[in-house]
1. Against the definition (among the hydrophobic types (A, V, I, L, M, F, W, C), more than 14 Å from every other protein chain (Cβ to nearest Cβ), within 26 Å of B:Val140 (Cα to Cα) and in a helix (DSSP H, G or I)), how does B:Ala303 come out, yes or no?
2. Within the range B:60-93, take every residue that is within 14 Å of chain A (Cβ to nearest Cβ) and of a type in the set (Ser, Thr, Tyr) and give me the one that is surrounded by the most Cβ atoms within 10 Å (Cβ to Cβ).
3. If you scan the range B:451-471, which residues turn out to be more than 23 Å from the chain's Cα centre (by Cα) and more than 13 Å from B:Gly418 (Cα to Cα)?
4. Between B:Asn366, B:Asn362, which is within 28 Å of B:Ile129 (Cβ to Cβ), surrounded by fewer than 20 Cβ atoms within 10 Å (Cβ to Cβ) and touching a helix residue (DSSP H, G or I) at 6+ places or on another chain (Cβ under 8 Å)?
5. Could you check, for the range B:390-403, whether at least one of its residues is touching a Gly at 6+ places or on another chain (Cβ under 7 Å), surrounded by fewer than 20 Cβ atoms within 10 Å (Cβ to Cβ) and not hydrophobic (A, V, I, L, M, F, W, C)?
6. Which condition breaks for B:Phe421 when tested against (1) at pLDDT 90 or above; (2) surrounded by fewer than 23 Cβ atoms within 10 Å (Cβ to Cβ); (3) in contact with a Ser or Thr (Cβ under 8 Å, 6 or more places away or on another chain); (4) of a type outside the set (A, V, I, L, M)?
7. How about the range B:231-245: which of its residues are closer than 20 Å to B:Phe220 by Cβ, more than 7 Å from chain A (Cβ to nearest Cβ) and in contact with a helix residue (DSSP H, G or I) (Cβ under 9 Å, 6 or more places away or on another chain)?
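The values are calculated or read from the model by the stated rules, or taken from the named source; none is laboratory data. Predicted model only: the values in this text are computed from it and were never measured. Here the Cβ positions follow ideal geometry from the backbone for every residue, glycine too, while neighbour counts run over all protein chains shown.
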Amino acid sequence: MHITMKTKTLWIIAVFMAVISVVIPYTILGDIPRFRASYLFWTALTILTILIGYLHIRDWGRSR
Amino acid sequence: MRLIYIALALALWFVIGVVIAHFARKHLGKGMPEFFLANRKLSGFISAMTYSATTFSAFMMVGLVGLTYDTGVGAVGFEMIYIIFTILLLLIFAPRFWVAGKKFDIITPPELLTKRYDSKWVGMVASIICLAMLIPYASVQMMGIGYLLEGMTSVSFPTFSFFGYSVSSLYLIGILLVAGYSAVSSLWAGMRSVSWTDAFQALVMIIASVTLLIFVLYHFFGGPFAFATEMTADYSHLLEFDWDLSMFVGMTLPWAFFALTNPQVSQRMFVTDSVKGMKKMILYFSLFALIYTVITTLLGFSAAGIGIEVADPDSAMPVLLGKVPVLLALVVFVSIFAAATSTLSSVVLTLSSLGSRDLVKNVKPNISEKMEVYSGKIIIILIIIACIIFANLRLDLIAVLSSMASGGLLVMAPTIIGSLFWKRSTTEGALISMIIGGPFTAALYIAGEAYYPLGWWPSFWGLIITTIIFVVVSLLTEPPEKAEKFVEEVEKGVEEYGMS
(Lines give C-alpha, C1' and ligand atoms only; values in the text may rest on other atoms or scores of the structure.)
Protein backbone atom coordinates (compact mmCIF):
# COMPACT_ATOMS: atom_id res chain seq x y z
CA MET A 1 0.00 0.00 0.00
CA HIS A 2 1.45 3.31 -1.06
CA ILE A 3 0.52 6.22 1.16
CA THR A 4 1.88 9.54 -0.08
CA MET A 5 3.99 11.91 1.97
CA LYS A 6 1.13 14.44 1.92
CA THR A 7 -1.26 11.97 3.59
CA LYS A 8 1.38 10.94 6.13
CA THR A 9 1.93 14.62 6.93
CA LEU A 10 -1.79 15.01 7.66
CA TRP A 11 -1.66 12.17 10.18
CA ILE A 12 1.37 13.78 11.83
CA ILE A 13 -0.45 17.14 11.95
CA ALA A 14 -3.47 15.40 13.54
CA VAL A 15 -1.33 13.97 16.33
CA PHE A 16 0.43 17.32 16.81
CA MET A 17 -2.92 19.16 17.00
CA ALA A 18 -4.28 16.61 19.49
CA VAL A 19 -1.33 17.20 21.79
CA ILE A 20 -1.08 20.98 21.66
CA SER A 21 -4.84 21.65 21.74
CA VAL A 22 -4.92 20.02 25.17
CA VAL A 23 -1.45 20.63 26.63
CA ILE A 24 -1.10 24.38 25.96
CA PRO A 25 -4.43 25.48 27.51
CA TYR A 26 -3.82 23.24 30.54
CA THR A 27 -0.25 24.38 31.12
CA ILE A 28 0.22 27.92 29.84
CA LEU A 29 -3.05 29.68 28.96
CA GLY A 30 -5.68 28.26 31.30
CA ASP A 31 -5.15 30.75 34.13
CA ILE A 32 -5.16 33.87 31.94
CA PRO A 33 -8.65 35.46 32.12
CA ARG A 34 -8.54 37.11 28.69
CA PHE A 35 -10.06 36.47 25.25
CA ARG A 36 -6.54 36.52 23.86
CA ALA A 37 -5.63 33.40 25.91
CA SER A 38 -7.40 30.01 25.50
CA TYR A 39 -10.24 31.43 23.36
CA LEU A 40 -7.89 32.96 20.81
CA PHE A 41 -5.57 29.95 20.90
CA TRP A 42 -8.25 27.41 19.95
CA THR A 43 -9.79 29.74 17.37
CA ALA A 44 -6.37 30.43 15.80
CA LEU A 45 -5.61 26.70 15.76
CA THR A 46 -8.87 26.09 13.88
CA ILE A 47 -8.07 28.84 11.36
CA LEU A 48 -4.61 27.33 10.90
CA THR A 49 -6.21 23.93 10.20
CA ILE A 50 -8.53 25.50 7.61
CA LEU A 51 -5.48 27.06 5.93
CA ILE A 52 -3.66 23.71 5.96
CA GLY A 53 -6.78 22.17 4.44
CA TYR A 54 -6.95 24.81 1.74
CA LEU A 55 -3.29 24.30 0.81
CA HIS A 56 -3.79 20.52 0.82
CA ILE A 57 -6.81 20.47 -1.50
CA ARG A 58 -5.73 23.34 -3.74
CA ASP A 59 -4.10 21.01 -6.26
CA TRP A 60 -6.67 18.22 -6.10
CA GLY A 61 -7.91 17.16 -9.52
CA ARG A 62 -5.11 18.82 -11.46
CA SER A 63 -3.30 15.64 -12.53
CA ARG A 64 -6.36 14.31 -14.39
CA MET B 1 -44.21 34.99 23.21
CA ARG B 2 -47.65 34.78 21.63
CA LEU B 3 -48.44 31.39 20.23
CA ILE B 4 -49.93 32.79 17.05
CA TYR B 5 -46.56 34.28 16.04
CA ILE B 6 -44.83 30.96 16.58
CA ALA B 7 -47.56 29.08 14.72
CA LEU B 8 -47.33 31.43 11.74
CA ALA B 9 -43.52 31.30 11.62
CA LEU B 10 -43.49 27.51 11.79
CA ALA B 11 -46.26 27.22 9.19
CA LEU B 12 -44.24 29.40 6.79
CA TRP B 13 -41.10 27.38 7.42
CA PHE B 14 -43.02 24.11 6.91
CA VAL B 15 -44.50 25.29 3.62
CA ILE B 16 -41.08 26.41 2.30
CA GLY B 17 -39.63 23.03 3.26
CA VAL B 18 -42.42 21.13 1.50
CA VAL B 19 -42.05 23.26 -1.63
CA ILE B 20 -38.28 22.61 -1.74
CA ALA B 21 -38.84 18.89 -1.21
CA HIS B 22 -41.43 18.92 -3.99
CA PHE B 23 -38.99 20.50 -6.46
CA ALA B 24 -36.30 18.01 -5.40
CA ARG B 25 -38.71 15.19 -6.25
CA LYS B 26 -38.91 16.37 -9.83
CA HIS B 27 -35.24 15.43 -10.20
CA LEU B 28 -35.65 12.05 -8.51
CA GLY B 29 -34.67 9.02 -10.60
CA LYS B 30 -34.79 5.33 -9.76
CA GLY B 31 -32.60 3.03 -7.66
CA MET B 32 -30.65 2.95 -4.41
CA PRO B 33 -27.80 5.38 -5.28
CA GLU B 34 -30.43 7.84 -6.49
CA PHE B 35 -32.65 7.70 -3.41
CA PHE B 36 -29.95 7.49 -0.73
CA LEU B 37 -27.05 9.40 -2.36
CA ALA B 38 -28.79 11.68 -4.90
CA ASN B 39 -26.97 9.55 -7.49
CA ARG B 40 -23.62 10.96 -6.23
CA LYS B 41 -24.44 14.17 -8.07
CA LEU B 42 -24.67 16.85 -5.37
CA SER B 43 -22.83 20.09 -6.02
CA GLY B 44 -20.08 21.23 -3.68
CA PHE B 45 -22.23 23.97 -2.15
CA ILE B 46 -25.25 21.73 -1.45
CA SER B 47 -22.93 19.00 -0.09
CA ALA B 48 -21.27 21.49 2.25
CA MET B 49 -24.59 22.85 3.49
CA THR B 50 -26.14 19.41 4.07
CA TYR B 51 -22.93 18.33 5.83
CA SER B 52 -23.14 21.43 8.06
CA ALA B 53 -26.87 21.20 8.79
CA THR B 54 -26.58 17.48 9.55
CA THR B 55 -23.60 17.92 11.88
CA PHE B 56 -24.93 20.91 13.77
CA SER B 57 -28.12 20.13 15.64
CA ALA B 58 -30.11 22.22 18.11
CA PHE B 59 -27.23 21.47 20.47
CA MET B 60 -25.31 24.44 19.08
CA MET B 61 -27.80 27.24 19.78
CA VAL B 62 -29.18 25.68 22.96
CA GLY B 63 -26.62 23.24 24.42
CA LEU B 64 -23.37 24.94 23.43
CA VAL B 65 -24.66 28.41 24.30
CA GLY B 66 -25.70 27.00 27.69
CA LEU B 67 -22.39 25.16 28.17
CA THR B 68 -20.38 28.33 27.44
CA TYR B 69 -22.69 30.40 29.69
CA ASP B 70 -22.18 27.88 32.48
CA THR B 71 -18.60 26.63 32.14
CA GLY B 72 -16.85 29.27 30.03
CA VAL B 73 -14.06 28.89 27.51
CA GLY B 74 -13.70 25.11 27.90
CA ALA B 75 -16.82 24.78 25.72
CA VAL B 76 -14.99 26.68 22.98
CA GLY B 77 -12.06 24.24 23.14
CA PHE B 78 -14.41 21.26 23.04
CA GLU B 79 -16.12 22.51 19.86
CA MET B 80 -13.03 23.90 18.11
CA ILE B 81 -11.14 20.61 18.58
CA TYR B 82 -14.13 18.88 16.97
CA ILE B 83 -13.79 21.21 13.93
CA ILE B 84 -9.99 20.74 13.69
CA PHE B 85 -10.32 16.95 13.62
CA THR B 86 -13.31 16.94 11.29
CA ILE B 87 -11.33 18.96 8.75
CA LEU B 88 -8.27 16.71 9.05
CA LEU B 89 -10.38 13.54 8.82
CA LEU B 90 -12.22 14.90 5.78
CA LEU B 91 -8.89 15.68 4.09
CA ILE B 92 -7.69 12.13 4.73
CA PHE B 93 -10.87 10.07 4.33
CA ALA B 94 -13.22 11.97 1.99
CA PRO B 95 -11.21 11.15 -1.18
CA ARG B 96 -10.98 7.48 -0.17
CA PHE B 97 -14.67 7.09 0.74
CA TRP B 98 -15.63 8.89 -2.47
CA VAL B 99 -13.42 6.71 -4.69
CA ALA B 100 -14.46 3.50 -2.89
CA GLY B 101 -18.13 4.50 -3.26
CA LYS B 102 -17.79 4.98 -7.02
CA LYS B 103 -15.58 1.95 -7.68
CA PHE B 104 -17.46 -0.57 -5.54
CA ASP B 105 -20.98 0.91 -5.77
CA ILE B 106 -21.07 1.53 -2.01
CA ILE B 107 -24.14 3.26 -0.56
CA THR B 108 -23.52 3.21 3.20
CA PRO B 109 -20.45 3.47 5.47
CA PRO B 110 -21.02 -0.04 6.94
CA GLU B 111 -21.17 -1.40 3.38
CA LEU B 112 -17.62 -0.09 2.88
CA LEU B 113 -16.61 -2.21 5.87
CA THR B 114 -18.50 -5.22 4.47
CA LYS B 115 -16.56 -4.98 1.20
CA ARG B 116 -13.16 -4.26 2.74
CA TYR B 117 -13.39 -6.98 5.41
CA ASP B 118 -15.19 -9.32 2.97
CA SER B 119 -17.82 -10.19 5.57
CA LYS B 120 -21.46 -9.20 5.73
CA TRP B 121 -21.28 -9.62 9.50
CA VAL B 122 -18.91 -6.65 9.88
CA GLY B 123 -21.40 -4.39 8.10
CA MET B 124 -24.33 -5.85 10.03
CA VAL B 125 -22.68 -5.38 13.43
CA ALA B 126 -21.68 -1.80 12.52
CA SER B 127 -25.26 -1.10 11.38
CA ILE B 128 -26.78 -2.51 14.57
CA ILE B 129 -24.42 -0.33 16.66
CA CYS B 130 -25.48 2.73 14.61
CA LEU B 131 -29.19 1.97 14.99
CA ALA B 132 -28.88 1.32 18.74
CA MET B 133 -26.94 4.53 19.33
CA LEU B 134 -28.69 6.90 16.93
CA ILE B 135 -32.40 6.18 17.48
CA PRO B 136 -32.26 7.59 21.05
CA TYR B 137 -30.16 10.50 19.71
CA ALA B 138 -32.84 11.21 17.08
CA SER B 139 -35.56 11.02 19.74
CA VAL B 140 -33.76 13.62 21.81
CA GLN B 141 -33.75 16.00 18.82
CA MET B 142 -37.55 15.71 18.85
CA MET B 143 -37.74 16.12 22.61
CA GLY B 144 -35.61 19.26 22.41
CA ILE B 145 -38.10 20.85 20.03
CA GLY B 146 -41.03 19.80 22.20
CA TYR B 147 -39.41 21.39 25.27
CA LEU B 148 -38.47 24.53 23.32
CA LEU B 149 -42.03 24.98 22.09
CA GLU B 150 -43.34 24.54 25.62
CA GLY B 151 -40.71 26.92 27.03
CA MET B 152 -41.25 29.67 24.45
CA THR B 153 -44.96 30.12 25.11
CA SER B 154 -46.79 31.08 28.24
CA VAL B 155 -50.00 29.44 27.07
CA SER B 156 -50.99 26.36 29.06
CA PHE B 157 -52.27 23.47 27.02
CA PRO B 158 -54.22 20.46 28.25
CA THR B 159 -52.25 17.35 29.10
CA PHE B 160 -53.22 13.74 28.52
CA SER B 161 -51.98 10.33 29.52
CA PHE B 162 -49.61 8.34 27.28
CA PHE B 163 -48.69 4.86 28.56
CA GLY B 164 -49.13 6.21 32.06
CA TYR B 165 -47.03 9.35 31.37
CA SER B 166 -48.52 12.83 31.42
CA VAL B 167 -47.93 14.52 28.05
CA SER B 168 -48.66 18.16 27.20
CA SER B 169 -50.41 18.56 23.88
CA LEU B 170 -48.09 21.45 22.95
CA TYR B 171 -45.06 19.20 23.52
CA LEU B 172 -46.73 16.58 21.35
CA ILE B 173 -47.47 19.17 18.65
CA GLY B 174 -43.75 20.08 18.61
CA ILE B 175 -42.77 16.43 18.24
CA LEU B 176 -45.31 15.70 15.52
CA LEU B 177 -44.27 18.82 13.62
CA VAL B 178 -40.61 17.75 13.59
CA ALA B 179 -41.57 14.16 12.79
CA GLY B 180 -43.82 15.29 9.93
CA TYR B 181 -41.21 17.62 8.47
CA SER B 182 -38.49 14.95 8.69
CA ALA B 183 -40.78 12.36 7.12
CA VAL B 184 -41.61 14.70 4.24
CA SER B 185 -38.02 15.71 3.57
CA SER B 186 -36.64 12.15 3.74
CA LEU B 187 -39.48 10.21 2.08
CA TRP B 188 -40.25 12.69 -0.68
CA ALA B 189 -37.03 12.39 -2.64
CA GLY B 190 -34.49 10.78 -0.27
CA MET B 191 -31.06 12.42 -0.17
CA ARG B 192 -32.05 14.94 -2.83
CA SER B 193 -34.87 16.46 -0.79
CA VAL B 194 -32.96 16.11 2.49
CA SER B 195 -29.90 17.88 1.08
CA TRP B 196 -31.89 20.68 -0.55
CA THR B 197 -33.96 21.36 2.57
CA ASP B 198 -30.74 21.08 4.59
CA ALA B 199 -29.12 23.77 2.44
CA PHE B 200 -32.05 26.09 3.03
CA GLN B 201 -31.98 25.37 6.76
CA ALA B 202 -28.21 25.83 7.03
CA LEU B 203 -28.56 29.31 5.53
CA VAL B 204 -31.37 30.12 7.98
CA MET B 205 -29.20 28.86 10.87
CA ILE B 206 -26.19 31.01 9.98
CA ILE B 207 -28.12 34.18 9.04
CA ALA B 208 -30.31 34.03 12.16
CA SER B 209 -27.38 33.47 14.51
CA VAL B 210 -25.21 36.22 12.95
CA THR B 211 -28.11 38.68 13.22
CA LEU B 212 -28.79 37.74 16.82
CA LEU B 213 -25.13 38.14 17.78
CA ILE B 214 -24.84 41.56 16.14
CA PHE B 215 -28.02 42.72 17.88
CA VAL B 216 -26.91 41.40 21.27
CA LEU B 217 -23.39 42.86 21.06
CA TYR B 218 -24.57 46.34 20.04
CA HIS B 219 -27.82 46.54 21.99
CA PHE B 220 -26.62 45.20 25.33
CA PHE B 221 -22.91 46.08 25.30
CA GLY B 222 -22.46 48.92 22.82
CA GLY B 223 -20.28 46.95 20.40
CA PRO B 224 -17.81 44.05 20.23
CA PHE B 225 -14.94 45.87 21.96
CA ALA B 226 -17.11 47.06 24.81
CA PHE B 227 -18.40 43.49 25.13
CA ALA B 228 -14.84 42.11 25.36
CA THR B 229 -13.89 44.75 27.91
CA GLU B 230 -16.94 44.08 30.07
CA MET B 231 -16.50 40.30 29.93
CA THR B 232 -12.82 40.60 30.88
CA ALA B 233 -13.61 42.97 33.74
CA ASP B 234 -16.71 41.36 35.25
CA TYR B 235 -16.83 37.76 34.05
CA SER B 236 -13.13 36.90 33.78
CA HIS B 237 -13.71 33.51 35.44
CA LEU B 238 -15.49 32.39 32.25
CA LEU B 239 -12.35 33.12 30.23
CA GLU B 240 -10.20 30.92 32.45
CA PHE B 241 -10.02 27.29 31.43
CA ASP B 242 -10.80 25.16 34.45
CA TRP B 243 -12.42 21.99 33.09
CA ASP B 244 -11.44 18.72 34.70
CA LEU B 245 -9.09 16.84 32.29
CA SER B 246 -11.12 13.60 32.32
CA MET B 247 -14.30 15.52 31.46
CA PHE B 248 -12.56 17.48 28.69
CA VAL B 249 -11.08 14.35 27.10
CA GLY B 250 -14.26 12.32 27.69
CA MET B 251 -16.43 14.88 25.93
CA THR B 252 -13.99 15.83 23.18
CA LEU B 253 -12.74 12.37 22.13
CA PRO B 254 -16.01 11.08 20.56
CA TRP B 255 -16.49 14.39 18.75
CA ALA B 256 -12.95 14.37 17.40
CA PHE B 257 -13.83 11.15 15.51
CA PHE B 258 -17.44 12.19 14.76
CA ALA B 259 -16.77 12.63 11.02
CA LEU B 260 -15.82 8.96 10.73
CA THR B 261 -18.03 7.23 13.26
CA ASN B 262 -21.39 8.92 12.66
CA PRO B 263 -22.86 7.41 9.50
CA GLN B 264 -25.18 10.36 8.82
CA VAL B 265 -22.11 12.53 8.18
CA SER B 266 -19.66 9.95 6.83
CA GLN B 267 -22.26 8.92 4.21
CA ARG B 268 -22.00 12.47 2.86
CA MET B 269 -18.44 11.70 1.73
CA PHE B 270 -20.07 9.62 -1.06
CA VAL B 271 -22.40 12.28 -2.46
CA THR B 272 -20.40 14.96 -4.27
CA ASP B 273 -20.46 15.13 -8.05
CA SER B 274 -16.74 15.75 -8.66
CA VAL B 275 -13.33 16.39 -7.12
CA LYS B 276 -14.06 20.10 -7.39
CA GLY B 277 -17.34 19.52 -5.55
CA MET B 278 -15.54 17.72 -2.76
CA LYS B 279 -13.01 20.54 -2.41
CA LYS B 280 -15.88 23.00 -2.03
CA MET B 281 -17.67 20.73 0.44
CA ILE B 282 -14.63 20.58 2.73
CA LEU B 283 -13.77 24.27 2.46
CA TYR B 284 -17.31 25.67 2.85
CA PHE B 285 -18.08 23.33 5.73
CA SER B 286 -14.85 24.39 7.48
CA LEU B 287 -15.79 28.06 7.23
CA PHE B 288 -19.42 27.41 8.27
CA ALA B 289 -18.27 25.42 11.31
CA LEU B 290 -15.79 28.09 12.41
CA ILE B 291 -18.28 30.97 12.04
CA TYR B 292 -21.18 29.11 13.66
CA THR B 293 -19.01 28.07 16.63
CA VAL B 294 -17.61 31.56 17.18
CA ILE B 295 -21.17 32.95 17.11
CA THR B 296 -22.71 30.39 19.47
CA THR B 297 -19.92 30.61 22.01
CA LEU B 298 -19.96 34.42 21.98
CA LEU B 299 -23.73 34.24 22.55
CA GLY B 300 -23.03 32.01 25.55
CA PHE B 301 -20.64 34.62 27.00
CA SER B 302 -23.17 37.36 26.19
CA ALA B 303 -25.93 35.54 28.07
CA ALA B 304 -23.74 35.68 31.18
CA GLY B 305 -22.68 39.26 30.44
CA ILE B 306 -26.22 40.63 30.32
CA GLY B 307 -26.93 39.06 33.68
CA ILE B 308 -29.18 36.13 32.75
CA GLU B 309 -29.50 33.84 35.73
CA VAL B 310 -30.92 30.36 35.16
CA ALA B 311 -30.44 27.12 37.06
CA ASP B 312 -30.55 24.99 33.91
CA PRO B 313 -27.90 26.23 31.40
CA ASP B 314 -30.04 24.99 28.49
CA SER B 315 -32.56 27.69 29.41
CA ALA B 316 -30.04 30.50 28.77
CA MET B 317 -30.95 30.77 25.07
CA PRO B 318 -34.77 30.73 25.53
CA VAL B 319 -34.37 33.45 28.22
CA LEU B 320 -32.07 35.47 25.94
CA LEU B 321 -34.67 35.25 23.16
CA GLY B 322 -37.20 36.76 25.55
CA LYS B 323 -35.02 39.90 25.68
CA VAL B 324 -34.79 40.59 21.94
CA PRO B 325 -37.43 41.92 19.48
CA VAL B 326 -40.16 39.43 18.66
CA LEU B 327 -39.33 39.15 14.97
CA LEU B 328 -35.66 38.38 15.66
CA ALA B 329 -36.59 35.88 18.38
CA LEU B 330 -38.96 34.16 15.95
CA VAL B 331 -36.33 33.85 13.23
CA VAL B 332 -33.80 32.41 15.71
CA PHE B 333 -36.47 30.11 17.11
CA VAL B 334 -37.20 28.77 13.61
CA SER B 335 -33.45 28.41 13.00
CA ILE B 336 -33.19 26.18 16.07
CA PHE B 337 -36.12 24.13 14.73
CA ALA B 338 -34.25 23.95 11.44
CA ALA B 339 -31.06 22.74 13.12
CA ALA B 340 -32.95 19.95 14.89
CA THR B 341 -35.01 18.81 11.92
CA SER B 342 -32.11 18.85 9.47
CA THR B 343 -30.11 16.62 11.78
CA LEU B 344 -33.10 14.38 12.40
CA SER B 345 -34.07 13.88 8.76
CA SER B 346 -30.46 13.08 7.82
CA VAL B 347 -30.12 10.58 10.68
CA VAL B 348 -33.44 8.94 9.73
CA LEU B 349 -32.52 8.70 6.03
CA THR B 350 -29.07 7.30 6.78
CA LEU B 351 -30.41 4.76 9.29
CA SER B 352 -33.00 3.61 6.76
CA SER B 353 -30.24 3.11 4.17
CA LEU B 354 -28.32 1.05 6.73
CA GLY B 355 -31.45 -0.97 7.45
CA SER B 356 -32.23 -1.73 3.81
CA ARG B 357 -28.68 -2.13 2.46
CA ASP B 358 -26.77 -3.62 5.40
CA LEU B 359 -29.48 -5.60 7.18
CA VAL B 360 -32.36 -6.47 4.78
CA LYS B 361 -30.07 -6.94 1.74
CA ASN B 362 -27.61 -9.07 3.71
CA VAL B 363 -30.40 -11.29 5.02
CA LYS B 364 -32.15 -11.48 1.62
CA PRO B 365 -29.37 -11.02 -0.99
CA ASN B 366 -31.69 -11.57 -3.98
CA ILE B 367 -33.99 -8.65 -3.19
CA SER B 368 -34.53 -6.30 -6.16
CA GLU B 369 -33.28 -2.71 -6.03
CA LYS B 370 -36.87 -1.47 -6.17
CA MET B 371 -37.76 -3.55 -3.12
CA GLU B 372 -34.62 -2.31 -1.40
CA VAL B 373 -35.73 1.31 -1.81
CA TYR B 374 -39.25 0.33 -0.75
CA SER B 375 -37.94 -1.36 2.41
CA GLY B 376 -35.87 1.77 3.09
CA LYS B 377 -39.02 3.90 2.98
CA ILE B 378 -40.85 1.56 5.36
CA ILE B 379 -37.84 1.72 7.70
CA ILE B 380 -38.01 5.56 7.61
CA ILE B 381 -41.61 5.41 8.84
CA LEU B 382 -40.78 2.79 11.50
CA ILE B 383 -37.83 4.84 12.82
CA ILE B 384 -39.93 8.02 13.01
CA ILE B 385 -42.71 6.16 14.88
CA ALA B 386 -40.12 4.68 17.27
CA CYS B 387 -38.69 8.17 17.88
CA ILE B 388 -42.17 9.64 18.55
CA ILE B 389 -42.88 6.91 21.11
CA PHE B 390 -39.46 7.32 22.78
CA ALA B 391 -39.84 11.11 22.87
CA ASN B 392 -43.24 10.90 24.55
CA LEU B 393 -42.07 8.48 27.22
CA ARG B 394 -39.52 11.09 28.35
CA LEU B 395 -37.56 8.34 30.11
CA ASP B 396 -34.43 9.37 31.97
CA LEU B 397 -32.76 6.48 30.24
CA ILE B 398 -33.19 8.16 26.86
CA ALA B 399 -31.01 11.06 27.99
CA VAL B 400 -28.29 8.60 29.02
CA LEU B 401 -28.66 6.62 25.78
CA SER B 402 -28.45 9.81 23.79
CA SER B 403 -25.34 11.08 25.54
CA MET B 404 -23.65 7.73 24.94
CA ALA B 405 -24.41 7.91 21.19
CA SER B 406 -21.17 9.56 20.17
CA GLY B 407 -19.14 7.60 22.72
CA GLY B 408 -20.76 4.33 21.67
CA LEU B 409 -20.14 4.96 17.97
CA LEU B 410 -16.47 5.60 18.77
CA VAL B 411 -15.92 1.82 19.08
CA MET B 412 -16.10 1.65 15.27
CA ALA B 413 -13.17 4.06 14.82
CA PRO B 414 -10.35 1.44 14.80
CA THR B 415 -12.28 -0.73 12.31
CA ILE B 416 -12.95 2.23 9.99
CA ILE B 417 -9.41 3.62 10.12
CA GLY B 418 -7.89 0.13 9.78
CA SER B 419 -10.07 -0.62 6.75
CA LEU B 420 -8.20 1.93 4.63
CA PHE B 421 -4.86 2.40 6.38
CA TRP B 422 -3.84 -0.97 7.85
CA LYS B 423 -3.88 -3.82 5.37
CA ARG B 424 -3.04 -6.27 8.15
CA SER B 425 -6.40 -5.59 9.85
CA THR B 426 -8.73 -8.59 9.80
CA THR B 427 -12.42 -9.47 9.82
CA GLU B 428 -12.08 -11.11 13.23
CA GLY B 429 -10.32 -8.04 14.64
CA ALA B 430 -13.11 -5.78 13.37
CA LEU B 431 -15.94 -8.03 14.58
CA ILE B 432 -14.59 -8.86 18.03
CA SER B 433 -13.50 -5.30 18.80
CA MET B 434 -16.97 -3.92 17.98
CA ILE B 435 -18.95 -6.74 19.58
CA ILE B 436 -17.04 -6.41 22.87
CA GLY B 437 -16.38 -2.66 22.71
CA GLY B 438 -19.97 -1.61 21.99
CA PRO B 439 -21.72 -3.29 24.94
CA PHE B 440 -18.74 -2.51 27.24
CA THR B 441 -18.95 1.22 26.52
CA ALA B 442 -22.76 1.23 26.70
CA ALA B 443 -22.68 -0.61 30.05
CA LEU B 444 -20.24 1.94 31.50
CA TYR B 445 -22.49 4.83 30.43
CA ILE B 446 -25.59 3.17 31.91
CA ALA B 447 -23.74 2.24 35.14
CA GLY B 448 -23.02 5.93 35.69
CA GLU B 449 -20.15 8.13 36.77
CA ALA B 450 -19.53 6.31 40.05
CA TYR B 451 -18.37 3.29 38.04
CA TYR B 452 -16.03 5.07 35.61
CA PRO B 453 -12.58 3.42 36.09
CA LEU B 454 -10.12 5.95 37.58
CA GLY B 455 -12.74 8.63 36.87
CA TRP B 456 -12.14 8.56 33.09
CA TRP B 457 -15.17 8.59 30.81
CA PRO B 458 -16.54 5.52 28.94
CA SER B 459 -15.57 6.98 25.54
CA PHE B 460 -11.91 7.01 26.65
CA TRP B 461 -11.98 3.40 27.90
CA GLY B 462 -14.09 2.24 24.96
CA LEU B 463 -11.57 3.57 22.44
CA ILE B 464 -8.60 2.05 24.29
CA ILE B 465 -10.23 -1.38 24.68
CA THR B 466 -11.48 -1.58 21.09
CA THR B 467 -8.11 -0.45 19.72
CA ILE B 468 -6.23 -3.08 21.74
CA ILE B 469 -8.67 -5.85 20.75
CA PHE B 470 -8.64 -4.76 17.11
CA VAL B 471 -4.82 -4.75 16.89
CA VAL B 472 -4.17 -7.93 18.89
CA VAL B 473 -6.87 -10.04 17.20
CA SER B 474 -5.81 -8.76 13.78
CA LEU B 475 -2.21 -9.77 14.44
CA LEU B 476 -3.34 -13.23 15.51
CA THR B 477 -5.54 -13.82 12.46
CA GLU B 478 -5.21 -13.52 8.69
CA PRO B 479 -6.62 -10.58 6.70
CA PRO B 480 -9.20 -11.46 4.04
CA GLU B 481 -7.74 -12.23 0.61
CA LYS B 482 -9.55 -9.33 -1.06
CA ALA B 483 -8.47 -6.76 1.53
CA GLU B 484 -5.18 -5.77 -0.07
CA LYS B 485 -6.77 -5.46 -3.51
CA PHE B 486 -9.57 -3.30 -2.10
CA VAL B 487 -7.16 -0.87 -0.47
CA GLU B 488 -4.87 -0.82 -3.53
CA GLU B 489 -7.82 -0.06 -5.80
CA VAL B 490 -8.91 2.81 -3.54
CA GLU B 491 -5.41 4.29 -3.40
CA LYS B 492 -5.07 3.90 -7.16
CA GLY B 493 -8.35 5.77 -7.63
CA VAL B 494 -7.30 8.54 -5.27
CA GLU B 495 -4.12 8.96 -7.34
CA GLU B 496 -6.01 8.86 -10.66
CA TYR B 497 -8.32 11.65 -9.53
CA GLY B 498 -5.31 13.69 -8.43
CA MET B 499 -6.11 13.67 -4.69
CA SER B 500 -3.09 11.80 -3.33
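1. Working: among the hydrophobic types (A, V, I, L, M, F, W, C): yes; more than 14 Å from every other protein chain (Cβ to nearest Cβ): yes; within 26 Å of B:Val140 (Cα to Cα): yes; in a helix (DSSP H, G or I): yes.
Spelling it out, B:Ala303 is indeed among the hydrophobic types (A, V, I, L, M, F, W, C), more than 14 Å from every other protein chain (Cβ to nearest Cβ), within 26 Å of B:Val140 (Cα to Cα) and in a helix (DSSP H, G or I).
2. B:Thr68
3. Looking only at the range B:451-471, we keep the residues that are more than 23 Å from the chain's Cα centre (by Cα), and these are B:451-456, B:464-465, B:467-471.
If the condition is that a residue be more than 23 Å from the chain's Cα centre (by Cα) and more than 13 Å from B:Gly418 (Cα to Cα), then B:Tyr451, B:Tyr452, B:Pro453, B:Leu454, B:Gly455, B:Trp456, B:Ile464, B:Ile465 are the ones that fit.
4. B:Asn362
5. First, the residues of the range B:390-403 that are touching a Gly at 6+ places or on another chain (Cβ under 7 Å): B:391.
Checking which are surrounded by fewer than 20 Cβ atoms within 10 Å (Cβ to Cβ) leaves us with none.
No: zero hits.
6. If we test B:Phe421 against (1) at pLDDT 90 or above; (2) surrounded by fewer than 23 Cβ atoms within 10 Å (Cβ to Cβ); (3) in contact with a Ser or Thr (Cβ under 8 Å, 6 or more places away or on another chain); (4) of a type outside the set (A, V, I, L, M), just (3) comes out false.
7. B:Met231, B:Asp234, B:Tyr235, B:Leu238
Let's see how each residue does on (1) among the hydroxyl-bearing types (Ser, Thr, Tyr); (2) more than 30 Å from B:Thr108 (Cα to Cα); (3) in contact with a Leu (Cβ under 9 Å, 6 or more places away or on another chain):
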position: B:Leu299; (1), (2), (3): no, yes, yes
position: B:Ala304; (1), (2), (3): no, yes, yes
position: B:Phe333; (1), (2), (3): no, yes, yes
position: B:Ser352; (1), (2), (3): yes, no, yes
position: B:Met371; (1), (2), (3): no, no, no
position: B:Ala386; (1), (2), (3): no, no, no
